[in-house]
Amino acid sequence: AQSVTQLDSHVSVSEGTPVLLRCNYSSSYSPSLFWYVQHPNKGLQLLLKYTSAATLVKGINGFEAEFKKSETSFHLTKPSAHMSDAAEYFCVVSDAPGGSQGNLIFGKGTKLSVKP
Amino acid sequence: GAVVSQHPSWVICKSGTSVKIECRSLDFQATTMFWYRQFPKQSLMLMATSNEGSKATYEQGVEKDKFLINHASLTLSTLTVTSAHPEDSSFYICSASDRVPDTQYFGPGTRLTVL
């Protein structure tokens, strides 16, 4: 069975500094992995997805994530945080391969705070 | 594009009453809609999957008679919480997929509080 663990419930960074949101997954086969962001009172927005074509995935708003099979990780990074990045971030694994979305299994979320 | 709305955004009701939550795809046709539930500081948990014109498929442990799902059109699905109790208080989120079931687009969620 697939599962995903977000290692930090809350991350706080200063504006202009790097962001690292950690995610580990468990899957019985090659997984499809996603990062979603949720701003207050807004719907979940897809940041990026891993489709097995490339291990380094670039998403919107300068975010990227690297799939590391040996570490079963899919950490989300951004070189320089912006105030508008403050939100809740969810790491998600799917039970469908190839980047398609079958049933989605969500992590508990990481709240990112950005200090001026 | 690909906007999904939910109504209401929040609702407070008395124990024993029923509450209906609407999920609409505003600019695309959603052949499949999903309903999730999120408790505070918990993951989103899939409750059920519905395809337009057919009965919803419920996840294990979700009572289909308590959480009635209707997907009568390609742009609207409703979730009715029947005879609500305080333990049903939660954040309910829907998502929708278009004819190419590749991406789910999420609504903003509905906060239900049962007194």
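The values are calculated or read from the model by the stated rules, or taken from the named source; none is laboratory data. Owing to the predicted nature of the structure, the values given are computational and were not obtained by experimental measurement. Positions of Cβ are backbone-derived with ideal geometry, glycine not excepted, and every protein chain shown enters the neighbour counts. What goes into the accessible areas is simple: the full protein's heavy atoms, side chains included, and nothing from ligands, DNA or RNA. Shrake-Rupley method; radii C 1.70, N 1.55, O 1.52, S 1.80 Å.
Structure summary
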{"read-out": "Inter-residue pairs, beta-carbon under 6 Å, first among the charged types (D, E, K, R) and in the stretch B:25-40, second open to solvent by less than 30 Å² (accessible area, probe 1.4 Å), 6+ apart", "value": "B:Arg37/B:Met47; B:Arg37/B:Ser90; B:Arg37/B:Tyr92"}
{"read-out": "Conditions (1) over 11 Å from the mean Cα position of the chain (by Cα); (2) farther than 23 Å from B:Lys14 by Cα; (3) away from chain A (no Cβ under 14 Å): number failed by B:His71", "value": "(1)"}
{"read-out": "Close pairs (7 angstrom Cβ cut-off, 6 or more residues apart or separate chains): within 20 Å of B:Gln104 (Cα to Cα) in the stretch B:1-20, of a type in the set (Val, Ile, Thr) anywhere", "value": "B:Gln6/B:Ile21; B:Gln6/B:Thr110; B:Ser9/B:Thr110"}
{"read-out": "Checking B:Thr113 against (1) out of contact with any Phe, Trp or Tyr (no Cβ under 9 Å at 6 or more places or on another chain); (2) open to solvent by 10 Å² or more (accessible area, probe 1.4 Å), the condition it does not meet", "value": "(1)"}
{"read-out": "Tally, over the stretch B:28-67, of residues that are open to solvent by 40 Å² or more (accessible area, probe 1.4 Å) and touching a Leu at 6+ places or on another chain (Cβ under 7 Å)", "value": "3"}
{"read-out": "Selection count where residues are part of a loop (DSSP other than H, G, I, E, B), in contact (Cβ under 8 Å) with a residue 60 or more places away in the chain and crowded, with 16+ Cβ neighbours inside 10 Å, scope the stretch A:30-49", "value": "1"}
